[in-house]
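Student: Okay, handing you the structure first.
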Amino acid sequence: MPVRTAKAYLTVLGVPEKPEIDGLTKPALEGDQITLTCMTQGSKPAANLRWFRNEKEVKGAKEVNASGKTFTVRSSLQLHVDRNDDGVAYTCKVDHVALTQTPQQATEVLEVHYAPHVKIINSLVVPQEGQYLKLECVSKGNPSPDPVMWTKDGGELPDLDRMIVEGRELTFTSLNKTDNGTYRCEASNHLGTSSAEYVLYVYDVPTTLPPSTTPPLHPIPPDPTAQLGTHASDPTVTGNRGTYLTNEAKGADDAPDADTAIINAEGNHAHAEEKKEYFI
């Protein structure tokens, strides 16, 4: 009976080692050019390396070298460092068929030193006499630029009883015209100095109130008889005599038409008192 044979191929996987990141300078300085290199050894087949900036994937340059029966894999990432990289985590992850259950990765967090940047925030848009005003010197830098320095018109603050400095804040307890001027906030660290200015002009307190838009609770209507009463009591008034006659005047035998009635009413005739006339 013939002997049957079969061939089987066994593939031995090389499990990649945990990756390592080098090339990181701590701290890095704003404006530096640095190259991060991630390396893993012992993989078979060759592993794949992926870079992430925080949670977002970024592309690196991959290099594969054979080391006997396994492979050494490197991936490089070039960075132009700025202040936005301060505190950012760069992670290198290894993808390999042998790591389905236990992924391998390494992470480095950048520390970036940079010169301060300063701005001033004020609490009032239109400062007026007697009001409370707070100026805040917002300075951002690494290392932190503490403390900050306040000056007025290039010199020291003149009235420390009303001008109170607490940390980064300058507070005026009660403004007056002598506070007018240019206030400067300056912050420094070993990489540089930054400053910002605020021009203060204290306005007068308004002396008149704006007109009220609220209607009166009980408006008083005008008296419609006031003008008529004046005319009726004054026999010399001749203006605005009317064209409105009573039916009595229009129908009278001695007043054939409206014109006659008006003439008789205005004249000094015997029966003028019998005619009625209205003023409008």
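The values are calculated or read from the model by the stated rules, or taken from the named source; none is laboratory data. The shown structure was predicted, so the numbers you read here are calculated from the model rather than taken from an experiment. Every residue, glycine as well, gets a Cβ built from its backbone with ideal geometry; the counts of neighbours run over all protein chains shown. These accessible areas exclude ligands, DNA and RNA; they are computed on the full protein's heavy atoms, side chains included. Shrake-Rupley method; radii C 1.70, N 1.55, O 1.52, S 1.80 Å.
Student: Residues that are basic (Lys, Arg): which strands (runs of 3 or more DSSP E) entirely in the stretch 19-100 hold 2 or more of them?
Tutor: So the answer is 48-53.
Student: Pick out the one residue from Lys26, Lys7 that is within 29 Å of Asn142 (Cβ to Cβ) and surrounded by fewer than 11 Cβ atoms within 10 Å (Cβ to Cβ).
Tutor: So the residue among Lys26, Lys7 that is within 29 Å of Asn142 (Cβ to Cβ) and surrounded by fewer than 11 Cβ atoms within 10 Å (Cβ to Cβ) is Lys26.
Student: For residues that are open to solvent by less than 60 Å² (accessible area, probe 1.4 Å) and of a type in the set (S, T, N, Q), scanning just the stretch 68-88, find the one that is farthest from Val112 (Cα to Cα).
Tutor: Thr70
Residue-wise test of (1) touching a Leu at 6+ places or on another chain (Cβ under 7 Å); (2) at pLDDT below 95.
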position: Asp95; (1), (2): no, yes
position: Thr102; (1), (2): no, yes
position: Gln105; (1), (2): no, yes
position: Ile121; (1), (2): no, no
position: Val125; (1), (2): no, yes
position: Leu133; (1), (2): yes, no
position: Pro145; (1), (2): no, yes
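Student: Which residue is nearest to the chain's Cα centre (by Cα), if the candidates are limited to the stretch 158-188 and must be of a type in the set (Lys, Arg) and either surrounded by 12 or more Cβ atoms within 10 Å (Cβ to Cβ) or closer than 22 Å to Lys119 by Cα (or both)?
Tutor: Top of the filtered list is Arg168.
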